[in-house]
C-alpha cells in the first residue's frame, strides 16, 4: 500500500512570499509565465509531501530545515509528524543563511 502524502501547511511567511513571487512575476514576465511559475512551486511542494523528490539539508543554510530548488527559488521546509511545513522561500541570489536565521528567529 502506498504511503500517504504528508499534510501541507504553509506558514504565513511562506504564503506571503509565494504571493509576492507571483505578483513580481506578473509584473516582470507576464501572467502566463507567472501562472506557470506558481504551478511549478505548488507542484513541487506536493511532490515533496508525497516523497517523490530528493531534498537536501545544507548546514551552511540551516541544520533544521530541508530545501528544494525550484527555478530561481529555494523552498525551505521541515517535516513534523505527518505534516510538511513550508517555512519560507528565497530567491537564489539572496543571502540565504542570514535571511533564514532572521526569519526563523523573529517568528518565535
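Here the sum of -39500 (n - 2.57) over DSSP H runs of 4 or more residues, divided by the residues of the chain, equals -14500 deg cm²/dmol at 222 nm, to the nearest 500. Which one of 63, 88, 11 has the biggest mean-square fluctuation once the chain is modelled by GNM with Cα springs under 10 Å? Fluctuation is largest for 63. Beta bridges per DSSP, both residues in the chain: antiparallel share near 80 percent.
Measuring max minus min along each principal axis, the C-alpha atoms of the chain give extents of 41, 37, 22 Å (largest first). Model label sites at residue 16 and residue 33, defined 7 Å from Cα along the beta-carbon direction, differ in position by 2.6 nm.
Read-outs throughout are calculated quantities, based only on the coordinates presented, and are distinct from any laboratory measurement. Remember, predicted model here, so these are calculated numbers, not experimental data. Using ideal geometry, Cβ is built from the backbone for each residue, glycine included, and neighbour counts are taken over all protein chains shown.
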